Every structure is written in structure tokens, then in C-alpha cells.
Amino acid sequence: MTDHAPAYAAVAAGCRRLAAQGLVIGSAGNVSVRLPGTDDLVVTRSGVAFADCTPDDVVRVGSSGRVLPGTGTPTSEIDLHLGIYADTSAAAVVHTHAPYSTAVACVLDELPVLHYQQMLLGGPVRVAPYATFGTPELAAHVRDALVDRQAALMSNHGSVALGASLDQAIEHALLLEWLAALHHRSSALGTPRVLTAEEQSDVVAQAVRRSYGTQQEKP
Ligand SMILES: [Zn+2]
């Protein structure tokens, strides 16, 4: 574990940040990162209180799901994390029951693009069909919903976000929660206008021109 101590510490710090931002109440979520130079990942253990998470609450799991002896029980959503790493080049995965994201996931089949920043997540955010927590069926639904996306919603459950770093995965989870709240507030005022496909592709083209997203420029 010594070589990988920074990864354990980063996951614990990420959990505390998610709790501080109100995305996770109690133990309602899980976080993982790939371990550099290995096929393994480190992930929060089952039932960890995010606000008080320490490196001791983080366990190492092999790509086959094998848990290193004596390290504790990983999150019940371990199949979801393993599946996302198998499908993508993500460096980190964040799953929460964030309030607005979960509310949207109880009603909509897809979160439409109301704001241009949603293009950072790849466009409309799909809501994966419901399945019992911790099951391979749920993991399969969410993997499908994540194709060409940086985040997905989970019907009547919560949200999942990934990123090229743990910080980026957390930023994506925070952005999705803001977008879900935006949808909720806009819908209270009337019928929100949705950006057209052309407007969405114009955003992507403009972002490429301005290298938006890579240099953290926020016009
Ligand atoms: Zn969950």
C-alpha cells in the first residue's frame, strides 16, 4: 500500500469534498481511482461515512474483482466501477445520491441540454433504467447510458460521473448536480427551452476553437 498511499489519500479527500459539497449524505455513494501502473483500482469500502473518510476506508480491488486479503469489503457497486474501467479510459469514477440529480432520475428518461456547459458531459445525460443496487444488471444499464458521455443518471437511485482524473470526475458530478437543479428551477418557471442539435454542435466547435475545458477558460 505504501507505494500507492497518495491514491488512497486522494480517494479519502475526494469523499470528504463530496460530503462538504452536499452531494453525499452519510454513506450514500462511492469513489474509485485506477492505481497507476497496475490493473487494480482503489475504492471506498462498504458503508463508509464520506464526511469522515480516511485512507483506511479505501480498499484495493483487482480488475477481476479480487479483493486483497485483509483490506475490508469494497462498496456494493464494485461491479459498476469495474465495468466502467473496462469500457473506458477513465481514471476515476464517482457515484452519489446527490439530491437534484436523484430527483431528476426519478422523473426523466434523459436530462436535456438547457445550458452549454452540459456539453462538457457529452450532451443530453441519459437516465439508466432501474435495477436493484449492487447488481450486475444495474452495472450493465449504467455502462450503456455512459457511452460517449462523462456522466449518467440512474433511475430512482442517483448519478455517476467519470473523468481523466479524480478532480475532473468530482467536477463532472458537481456539474451534473448543478444542471439537475437548473432543470428543476427552470421547470418551476415554465417549459425550459432546450438547445438544438445545431446549437449544441456550435458549442463544441467553439470550445475546440478556444480550447475550453483543457485550459479551464470560462467565458
Ligand atoms: Zn448508490
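The values are calculated or read from the model by the stated rules, or taken from the named source; none is laboratory data. All of these numbers come straight from a predicted model, not from anything done at the bench. Backbone-built Cβ (ideal geometry, glycine too); neighbour counts: all protein chains shown.
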Problem - Index of the failed condition, HIS81 passing every other in (1) in a helix (DSSP H, G or I); (2) touching a helix residue (DSSP H, G or I) at 6+ places or on another chain (Cβ under 7 Å) - result: (2)
Fill in the blank from the handout: ALA164 fails exactly one of (1) buried (at least 22 other Cβ atoms within 10 Å of the Cβ); (2) over 11 Å from the mean Cα position of the chain (by Cα); (3) modelled with pLDDT of 95 or more, namely (1)
Exercise for the section: Filter the stretch 107-122 for residues that are touching a residue at least 12 places away in the same chain (Cβ under 8 Å) and either among the β-branched types (Val, Ile, Thr) or under 14 Å from HIS184 (Cα atoms) (or both) and give the result. Expected result: LEU108, GLU110, LEU111, PRO112, VAL113, LEU114, HIS115
Problem - SER159 vs. criteria under 13 Å from the mean Cα position of the chain (by Cα), assigned to a helix (DSSP H, G or I) and polar (S, T, N, Q) - result: no
Practice task
Mind listing just one residue for me: the one in the stretch 145-156 that is assigned to a loop (DSSP other than H, G, I, E, B) and not hydroxyl-bearing (Ser, Thr, Tyr) and, of those, surrounded by the fewest Cβ atoms within 10 Å (Cβ to Cβ)?
Solution key: ASP148
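Listed here are the residues, each with its yes/no results for (1) within 13 Å of the ligand (Cβ to nearest atom); (2) modelled with pLDDT under 90; (3) assigned to a strand (DSSP E or B).
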residue	(1), (2), (3)
TYR8	no, no, no
GLY37	no, yes, no
VAL42	no, no, yes
VAL59	no, no, yes
VAL94	yes, no, yes
Exercise for the section: Only residues that are in a helix (DSSP H, G or I) and of a type in the set (Gly, Ala, Ser): list them for the stretch 10-35, please. Expected result: ALA10, ALA12, ALA13, GLY14, ALA19, ALA20
Problem - Residue in the stretch 96-123 that is farthest from LEU18 (Cα to Cα), counting only those that are of a type in the set (Val, Ile, Thr) and within 16 Å of the ligand (Cβ to nearest atom) - result: VAL104
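For every residue, the table says whether it meets (1) buried (at least 18 other Cβ atoms within 10 Å of the Cβ); (2) in a helix (DSSP H, G or I); (3) among the charged types (D, E, K, R).
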position	(1), (2), (3)
ALA103	no, yes, no
VAL107	no, no, no
VAL113	yes, no, no
PHE133	no, no, no
ALA139	yes, yes, no
ARG143	yes, yes, yes
Practice task
Looking only at the stretch 62-76, decide whether some residue is within 17 Å of the chain's Cα centre (by Cα) and assigned to a loop (DSSP other than H, G, I, E, B).
Solution key: yes
Practice task
Kindly indicate whether any position in the stretch 12-23 is at pLDDT below 95 and over 18 Å from ILE170 (Cβ atoms).
Solution key: no
Exercise for the section: For the stretch 128-141, indicate whether the set of residues that are under 20 Å from ALA86 (Cα atoms) and in contact with a Gly (Cβ under 7 Å, 6 or more places away or on another chain) is non-empty. Expected result: yes
Fill in the blank from the handout: Within the stretch 18-30, of all residues that are over 14 Å from THR44 (Cα atoms) and either more than 16 Å from the ligand (Cβ to nearest atom) or over 12 Å from the mean Cα position of the chain (by Cα) (or both), the one surrounded by the fewest Cβ atoms within 10 Å (Cβ to Cβ) is ALA20
